[in-house]
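Have a look at the structure below before the remarks.
Throughout, read-outs are computed from the coordinates displayed, never taken from laboratory work. Computed from a prediction, not measured in an experiment: that's the story for all the values here. Backbone-built Cβ (ideal geometry, glycine too); neighbour counts: all protein chains shown.
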Amino acid sequence: MSSSVLRIAGDFMHFLGCLTRTRALALVLLAAGLSVFGCSRWFFEEESAFALREGDLLFQDLDCGAVCDAIEKVTTGYKGAKFSHVGIVAKDANRQFVVIEASRSGVETTPLHIFLGRSFDRQHRPKVVVGRLKPAFWHLIPSALKEASALKGKPYDSLFVVDNDRYYCSELIYEIFLRANNDNPVFPLQPMTFKDPDTGVTLAAWQEYFSQLGASIPEGQLGVNPGGISRSPVLTIVYAYGIPDGWEIR
């Protein structure tokens, strides 16, 4: 074999060697990248397997200060979770997920990513848990969503009084399913308390809250709260975007 042929063959083998080393290096880097991301993205990979549905209820541990803390103090959520807010999942005209909720600005529609971006756990995951009606109640969802849409624009019920054409978050959920179920409660009302369960004394945050409104505290009156709804036997908790405060991990 001539020297020129040997040189060409050698160059070709050198090229193949470089190509092999480059591919090997690329595979090493890819594996390293997957290893790094695999540790931090497990949650998002889990989320991708979860399918949200219209009519799902989103229970939120909302870090809004003294009032949210006071709500969480006097109510109990699923697995001990400290829920202070709840909304219902719907779809907008573009078939994108939104949340219909009663917030301080009234009954309104909020993009899902805005809702999920309000409060986070230590791993920076939304402190939101998904409750889904059991199959026996699925037929109520379309009517409940229509009722929720019809109530958009209604003012917020800062006094927590039922039947005043104003709505706080869990009252909205109670009302729309009540109407959808021919005025038969799906989530029954219960006597409300604003007292510290440890001392039996009304929490200072509630005293200040109602004092500023010039209203008496509706102790013992019928109402509803996010934590109570989350423990309802008509629901199944199907997913947790993150871990709310108080959540009992077993």
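With contacts defined as alpha carbon pairs under 8 Å and 6 or more residues apart, what's the relative contact order of the range 51-240 in percent? If you can, show how the numbers build up before the last one.
Values: 345 pairs, mean separation 52.7, N = 190.
So the answer I get is 28 percent.
Skipping prolines and chain starts, which residues have an amide H placed within reach, meaning under 5 Å, of the one on Leu62, given they are 5 or more residues away or on another chain?
Amide H neighbours of Leu62, under 5 Å, 5+ apart: Ser84, His85.
Can you tell me the order of 236-243, 173-180, 55-62 when each peptide is scored by its average per-residue count of other Cβ atoms within 10 angstrom, highest first?
Values: 236-243: 17.6, 173-180: 22.6, 55-62: 24.2.
Per-residue Cβ counts within 10 Å, averaged per peptide and sorted highest first, yield 55-62, 173-180, 236-243.
What distance in nm separates the two pseudo spin-label positions at Asn182 and Phe50, each 7 Å out from Cα along the beta-carbon direction?
Computed distance between label sites Asn182 and Phe50 equals 3.5 nm.
Quick one: what are the phi-derived ³J(HN,Hα) couplings along the range 115-129, Karplus 6.51/-1.76/1.60 with θ = phi - 60°, whole Hz, x for glycine and proline?
Taking θ as phi minus 60°, the curve returns 4, 6, x, 8, 8, 9, 7, 5, 9, 6, 10, x, 7, 9, 10 Hz for the range 115-129.
Which whole-angstrom value gives the distance between the alpha carbon centres of the range 225-250 and the range 58-90?
Result: 10 Å between the Cα centres.
Which residues in the range 48-64 place their backbone N less than 17 Å from a point set 7 Å from the Cα of Asp92 along the Cα-to-Cβ direction?
54-55
Taking H as built 1.01 Å from N, whose amide H comes closer than 5 Å to the amide H of Gly223, not counting residues under 5 places away?
Those lying under 5 Å, H to H, from Gly223 are Gln190, Met192.
Can you work out ³J(HN,Hα) from phi for every residue in the range 203-212, in order, using Karplus 6.51 cos²θ - 1.76 cosθ + 1.60 and θ = phi - 60°, giving whole Hz and x for Gly and Pro?
Here the 3J(HN,Hα) series is 4, 4, 4, 6, 4, 5, 4, 6, 5, 5 Hz.
Mind giving me the FRET efficiency for Val201 and Asp63? R0 is 25 Å, r the Cβ-Cβ distance, nearest 0.05 is fine. Let's see the in-between values first.
Working: r = 24 Å, r/R0 = 0.97.
That gives a FRET efficiency of 0.55.
Using the Karplus equation 6.51 cos²θ - 1.76 cosθ + 1.60 (θ = phi - 60°), what ³J(HN,Hα) coupling, rounded to whole Hz, does each residue of the range 92-106 give in order, writing x for Gly and Pro?
Whole-Hz 3J(HN,Hα) from phi for the range 92-106: 8, 5, 9, 6, 9, 5, 9, 10, 8, 8, 9, 10, 4, 8, x.
Under a 5 Å amide H to amide H cut-off, with H placed in plane at 1.01 Å, what residues pair with Phe120 once short-range neighbours are removed?
Lys127
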